[in-house]
Amino acid sequence: MNVQILHATMTHTKEDGHVGAVHFQVEGHPKPYEMALHKSRKAKEWGYGLFFLAGSGDEDLLLEVEDEIEENDELYEQLVEAALAALVQE
């Protein structure tokens, strides 16, 4: 699955931990996606939610992307690293 990252953000506070988002486009998909990320201070793993970036879209395509994120560690890490890189730049 070819993914182009459009934008990434990340903030960190003692109260909320890391909170961020990555906007990305998947080749062949008509609408871009947003992956919202959260990792509390005590958490060992990132929590995330996947959404259409602007408006609704084909749910089957969204589920396809979600399955790919779950199964493809490289893609998952690419998205998380993009958000973390945004934290370093702020």
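All of the numbers you see were taken from the coordinates with simple rules; none came from a lab. These numbers come from a predicted model, not from an experiment. Heads up, the Cβs are rebuilt from the backbone with ideal geometry, glycines too, and the neighbour counts pull from every protein chain shown.
For segment 24-90, the set of chymotrypsin sites (Phe, Trp or Tyr not before Pro) satisfying both a DSSP loop assignment and a count of at most 12 other C-beta atoms within 10 Å is empty. Every pair of different Cα atoms in segment 3-89 enters the Kirkwood calculation, which places the hydrodynamic radius at 13.3 Å. Amide H to amide H, with H built 1.01 Å from N, Leu6 comes under 5 Å of His23, Phe24, Gln25, counting only residues 5 or more places away or on other chains.
Testing the spin-label approximation: label points 7 Å from Cα along Cα→Cβ at Glu81 and Ile5. State their distance in nm. Once both label points are built, they end up 0.8 nm from each other.
Using the Cβ of Phe52 as centre and a radius below 10 Å, the other residues enclosed give a net charge of -2, where K and R count +1 and D and E count -1.
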